[in-house]
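The values are calculated or read from the model by the stated rules, or taken from the named source; none is laboratory data. Note that the coordinates shown come from a computational prediction; the quantities given were computed from them, not determined experimentally. Quick reminder, even Gly has a Cβ in these numbers, built from the backbone with ideal geometry, and neighbours come from all protein chains shown. Each accessible area value is taken on the protein alone, full model and side chains, heavy atoms only, with ligands, DNA and RNA left out. Shrake-Rupley method; radii C 1.70, N 1.55, O 1.52, S 1.80 Å.
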Amino acid sequence: MRVVIVGAGFTGQQLAKVLVAEKNDVVLIDNNEDVISHLGNRIDCIVVHSDGNSLDTLEKVNIDKADALVCLTSSDEVNMITCSLVDAVYPDVLKIARVRNYDYYVNTAEAKKTHVNTFAGKHRPLYGIDHMIHPDVEAAEAIVRAVENGALSSVLTFDDSDRQISSITISESSVLNGKTLAELRTITDMHLLIAYVEKDGKTSLPDGKTVITAGCTLGILFSKNDAAKVLELCGSKQVELKKIAIIGAGRIGTIVAERMVEPPATTIIQKIKEYRNSQKIVIIDSDPQLAKAASQRFPQASVFKGDATDESLLRDEGIVNFDLAICATHNHELNMVLAAYLESLGVRQSISLVNSSAFATIAQKLGIDVTVALRDVVVDSIMSHMRGNAVKEIHTVTNGDLEIVECIIPSDSKVIGKKLRELSNPGKYLALLDKHPGNEEYEIVTGDTVVSVGDHLVLISSAEDTKKTLEMFGNSSD
């Protein structure tokens, strides 16, 4: 696959690294000469010092032969205009743009919904953009998913499935401590699967000989109904989230509050529905304008203009006894400090918004339960769209060494009719879930699961092997 990236900021660089690791051809364009000269020896791709919104520049790097154009400059307008320009001349190129202006994002989404039949027909997509990505929306949705599942840990869900993958740290008191994965079946009869193991800073795909030890983190696939039992197995306990504090009333905090204070009729936030009458939500921000806006927007919540590091405020309002603190200010380093500080005062669980997964290890050592990496969720979203229609979603795991991918088995796949045990490739990938056409629920796979046309198959693989794994199942992105 050939991808042209316009904008070599942090996200552009991270995306380029992921694509290069998968052996894709990447062109990275930026008009900052210092940035380009710095990247020349750091990323194995073509780097170009120029304005990416110039059709002449794009044609010189063979945009006509590209599979995708991703615009990630600091200007929403440049990103949108560049996509529109390319769409007018090369409509077959997939165009993805990051926008930070929430009005652009919401208005475009609403227009697509209102005129869905028009845009599904002969007309080009709005602004020539096939997929518009808003970082704050992606991050807020990730936070909400964690809250939906009790803020146990980082959580991945699949549509409205009963299945989820939670990242849970093993405590000293866990019955799993010192046991191998092969012994798991003798300890519990729950239908679960260990997707990955993180130990001593390294994340790997497990096998039956893998030893579980206190302090290691397991990516566990299980039914949401078994969450309490799984936590108990790991030496932890599930907490009912009746008292929640949202620190930061900016865009991300506001989106999270919208989902929690006013959950839509179709929401899957069962806990929020169940405890809505007794639930207490507090929003804190030091900015008087943001606090005032939040107070007007969410009359059901208690909103305070104040400093979340002020212990007297926290104690006076009883926040030190809350079940959950969501730290979602624009200062990501402060979020980590706040989350750890609040837990030290007595808050039971915490979620921290951070810049990237590089902070995840630090956050874990600080005792923070869940970290949501803003830049990583953006890269994940972009990669999901670039995999093609046969790939629904892709998520990086922990430090980015592993990726979880949901793909759809095409009719010409060579693996149709085969059992997963026949396709086994230890150390390269693991199959986790499968949903057959016509079925509403994903099932945890076994070696006897037979691959069928149209199956939704969820896989986990090393990031460098994801492309080859998808190709094996007939999902080539070339």
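For the reader, a short list of remarks on this structure follows.
- Value of Rg to Rh for region 1-46, rounded to two decimals, is 0.92; Kirkwood radius and Rg both from alpha-carbon coordinates.
- Average accessible area per residue (Å²) across region 203-258 - probe 1.4 Å, nucleic acids and ligands excluded: 37
- Mean-position separation - Cα centroids, region 312-381 and region 137-214, in angstrom: 20
- Zero-based 5 Å bins, Cα pair distances in region 397-478, whole percents: 3, 16, 27, 28, 17, 7, 2, 0
- Rg(Cα) / (2.2 N^0.38 Å) computed for region 274-365, rounded to two decimals: 1.11
- Averaging the Cα positions of each part gives two centres, and for region 51-96 and region 222-240 these lie 47 Å apart.
- Cα point-scatterer Debye curve for the chain, base-10 log of I(q)/I(0) at q = 0.06, 0.07 Å⁻¹: -0.28, -0.38
- Ellipticity estimate at 222 nm from DSSP helix runs (n ≥ 4, -39,500 (n - 2.57)) divided over the chain, nearest 500: -9000 deg cm²/dmol
- Net charge of Cβ neighbours under 13 Å - reference T180; Lys, Arg +1; Asp, Glu -1: +1
- Each Cα pair under 8 Å and six or more residues apart adds its sequence gap; the mean of these over the residue count of region 55-101 is a relative contact order of 44 percent.
- In region 189-262, the portion of solvent-accessible area held by carbon and sulfur atoms comes to 45 percent [1.4 Å probe, whole percent, DNA, RNA and ligands not counted].
- DSSP beta bridge pairing in the chain, given as percent antiparallel to the nearest 5: 50
- What region 77-118 shows is 55 Å² of accessible area per residue, with the surface traced by a 1.4 Å probe over protein heavy atoms.
- A 1.4 Å probe run over region 280-402, with the rest of the protein chains in place, finds 43 Å² accessible per residue.
- Relative contact order of the chain, pairs being alpha-carbon contacts under 8 Å that are 6 or more residues apart, as %: 12
- Note on region 335-478: Rg/Rh from Cα positions, Kirkwood definition for Rh, rounded to two decimals, is 1.08.
- Counting protein heavy atoms only, region 280-379 has 50 percent of its accessible area on carbon and sulfur, 1.4 angstrom probe.
- Relative contact order (percent, whole number), region 4-76, Cα cutoff 8 Å, 6+ residue spacing: 41
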